[in-house]
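These notes are about the structure you will find just below.
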Amino acid sequence: MMTSHCYSHPLIDHCLSPTVANFPPHFSPECWHLLQGVFRIMLPFLTQMGLEDTTHEYTELTQKLVKGIENLSRLREEDIEIGASPKDVVYQEDKITLYRFKPVVKKPLAVPVLIVYALVNRPFMVDLQENRSLVANLLKLGLDVYLIDWGYPTRADRWLTLDDYINGYIDNCVDFIRETNQLEKVNLLGVCQGGTFSLCYSSLYPEKVKNLIVMVAPVDFNMPNSLLNMRGGCTLGAEALDVDLMVDSLGNIPGDYLNLEFLMLKPRQLGIQKYLDFPEIMDSEDKILNFLRMEKWIFDSPDQAGETYRQFMKDFYQGNKLIKGEVMIGDKQVNLSNLTMPILNLYAEKDHLVPPESSLALQQYVTTKDYTVQSFPVGHIGMYVSGKVQRDLPPTIVDWLKTRM
Amino acid sequence: MTNNNKNWSNMASEVVNTWTETSTQVWRNWFDFMGTVSTAKPFGDVQPELDKFTHRYLDNQDLWLRFVKLSFDAWKDIFPQLESGGDWTKTMSQYAQKMREQLDNVSHGNLQMNQDVAQMWQLYLQQVQKFTQLWLDPMGLHLGTMGKAATGNSSAWIELNNLYWNLFYEESFGSLMQSPILGPTREFNGKLVRSFEAWKNLNQASVNYQVVLADIQVRSFEALMQNLISRAEKGEAIQTWKQFQQVWSEIADDVFGEAFCQEENLKIRGAFLNALSAYRLEQQQLMELFLQSMNMPLRSEVDEMHKTIYELRKELKQLKKDLAQKNVQQEVTSSSKGTKTATTNKAEKSKGTDA
């Protein structure tokens, strides 16, 4: 049982104080003291969350809102552009574009890094804004960085398969970089689903990959405690999601559907609470800009080419074929034991999209003798936006690469 | 004293109401504002979509805030009993029951809607195919059964919903609907009937899914109350309305996540998504008939065209690659031939010189 003295409340204390001028004079201080005790017992709600506090909270919020509306009215779409680092288009094929970021050191490392991002969302998360950019930090530390932008697939791209993405686009980009730089091999940095693609590519073309870095990349898809994997059908298969039916009916999978799926992993926090918290930061233009940039990135979701989605969901999420060595990319079989190059596996400890165990499984299936694993105490998105990670992650990558050039 | 107490409670409720209404209003204004800014019109092109989104968002938020407020009210009632050592569990059960009753009303409404719309379809098909009144009697029976089966348990609603479709529909009208159709309109009516079947499956799956979602809401409410009680027992009071909302959100998401890691719930969700896809496919079939009659290009024709272009493009890329490779090989061969010839000539020349 609880005692009432825990619930002293300044507003009640103030209102029931005998010194308050308009209180009836015939109540003695003892009487008021007694009354205070009674109030505390009878009004536990108010002593937990006081009227005064609530009013104060509301007033502060209103002030922030007023300032926030002022801030918002000054902002325009161009203020929240993503992809801050200067870059050149060096290669184009169909809807994909290969960018080379302008090096910022006189003599970058001889072997460039090709960043392979996921098909979900835009790749510019790695270059979100000037002070929160993995790319900018890698450039500063002396890397020569390339990035594949997958573009926005339309209905005409519905028939693209993983074969086109991996044996086609990625291979062509790698060949372009090799030819341009007159190199036998390049470094690959695969992020999220792009990490899984990089694993497939490196196992198919080990002769073209010098070092492989994978970041928050799913490897083992049978994760019964992960909502994303469970919904994808890692245990139930088509009973959880009939991918064939979905692709047949939709053609391409709409980006909005994927957005909803990701929001529904934490529907209250991501769908509602985040916006209820927004007024709290509205008085700061910088914070609004950060918030809006994230919003832009989150909801700027390209559709997924239908046949690619079909194969990825069925073979990877539902069949877990990557670790079984059963994935076929075109007519080539992916075997993770072909991965003999040095591998750096980076994962997020609090990742709710790619559970750490899923990434960590990689070690069991590769044959490389040079395998490094490094974790960061953040979630999936924190890997790109956390200030602490942006301080520690780029040097981790660059130092690791420098010792392997 | 009682009056004072009442006044305080009223004031507190007033503040909570104001807060929830204000936050909704703020968002409504914010969306309106974003949609109507006239200077740069950054979102001008998406105004209709934005309106739809705004309404969907606000509806959802309204619902959420109402639910939060109900939880908040429940906590106000439960806390005094917890403090005085009284039986707070009874009050909590009453609130949970109250929520379940609301959920039952929603489920009842959905079922009623199923019946109404299904009846309209049935009447239409009666006209088209001269079907009999086979379906009306089971529907009448169903109304009676439903009242008895509504026990407040969410699984009962799912069973009832399935019972409704499987027993009353499938075994009477449903089986008749699946039989081959006769006459010149056979193909069209066949598609129509299959579309209705898919729609029926979607409705059934949708109601089941809604029941699971609503049940999760109730369970998250119970989890919230447990959490608040355990906090209060540790002396960790909730200090602000914002903190209350945050706690509520985190708990609700945890309950939601756990619920959908359970296979039975995943199957219900999967059935809903799959029924949605199946219904869309059937819709497309009907749409194609319509477009065909209007002499318009069909989705399937466009897809077929895209596929052909894709395959040709892929073939072309491969041919280009092969050609480039052949050229390189040829160059290597000819240059090595050239070298060989040059070497031979040189050798012969030196041979001649030697001779």
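The values are calculated or read from the model by the stated rules, or taken from the named source; none is laboratory data. These figures come from a predicted structure and were not determined experimentally. Ideal geometry is used to build each Cβ from the backbone, glycine not excepted, and the neighbour counts take in all protein chains shown. Remember, those area values only see protein heavy atoms, side chains included, never the ligands or the DNA or RNA. Shrake-Rupley method; radii C 1.70, N 1.55, O 1.52, S 1.80 Å.
Brief remarks follow.
- Per-region count, the stretch B:245-255, residues more than 7 Å from chain A (Cβ to nearest Cβ) and open to solvent by less than 50 Å² (accessible area, probe 1.4 Å): 4
- Failed item, numbered, when residue A:223 is tested on (1) over 27 Å from residue A:394 (Cβ atoms); (2) assigned to a helix (DSSP H, G or I): (2)
Table: residues versus (1) away from chain B (no Cβ under 14 Å); (2) open to solvent by 10 Å² or more (accessible area, probe 1.4 Å); (3) not in a loop (DSSP other than H, G, I, E, B).
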residue: A:187; (1), (2), (3): yes, no, yes
residue: A:190; (1), (2), (3): yes, no, yes
residue: A:203; (1), (2), (3): yes, no, yes
residue: A:207; (1), (2), (3): yes, yes, yes
residue: A:245; (1), (2), (3): no, yes, yes
residue: A:262; (1), (2), (3): no, yes, yes
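- All of (1) at the interface with chain B (Cβ under 9 Å from one of its Cβ atoms); (2) over 30 Å from residue B:307 (Cα atoms); (3) of a type outside the set (Asp, Glu) hold for residue A:249 with one exception: (2).
- Residue in the stretch A:165-177 that is in a strand (DSSP E or B), open to solvent by less than 20 Å² (accessible area, probe 1.4 Å) and away from every other protein chain (no Cβ under 14 Å) present: no
- Unique match (being touching a Phe, Trp or Tyr at 6+ places or on another chain (Cβ under 8 Å) and on the phi > 0 side of the Ramachandran plot) among A:151, A:142, A:83: A:83
- Against the test of being free of Cβ contacts under 8 Å to residues at least 60 places away in the same chain, within 12 Å of chain A (Cβ to nearest Cβ) and open to solvent by 30 Å² or more (accessible area, probe 1.4 Å), the options B:282, B:236, B:301, B:288 yield a single qualifying residue, B:236.
- Residue that is among the hydroxyl-bearing types (Ser, Thr, Tyr) and at the interface with chain B (Cβ under 10 Å from one of its Cβ atoms), where the choices are A:317, A:275: A:275
- Residues satisfying the stated conditions in the stretch A:384-400, i.e. under 14 Å from residue A:129 (Cα atoms) and crowded, with 16+ Cβ neighbours inside 10 Å: A:384, A:385, A:386, A:390
- Filtered residue count, the stretch B:256-272, keeping only those that are open to solvent by less than 20 Å² (accessible area, probe 1.4 Å) and either more than 7 Å from chain A (Cβ to nearest Cβ) or out of contact with any Lys or Arg (no Cβ under 8 Å at 6 or more places or on another chain) (or both): 4
- Set B:267, B:326, B:349, B:337: member being part of a helix (DSSP H, G or I), over 30 Å from residue B:219 (Cα atoms), of a type in the set (D, E, K, R) and modelled with pLDDT of 90 or more: B:326
- Per-region count, the stretch B:236-287, residues farther than 23 Å from residue A:268 by Cα and among the aromatic types (Phe, Trp, Tyr): 1
- Residue that is least open to solvent (accessible area, probe 1.4 Å), among those in the stretch A:128-142 that are in a loop (DSSP other than H, G, I, E, B) and out of contact with any Pro (no Cβ under 6 Å at 6 or more places or on another chain): A:131
- Listing of helices (runs of 4 or more DSSP H) fully contained in the stretch A:266-356 that carry 1 or more residues being among the aromatic types (Phe, Trp, Tyr), under 17 Å from residue A:381 (Cα atoms) and open to solvent by 50 Å² or more (accessible area, probe 1.4 Å): A:285-299
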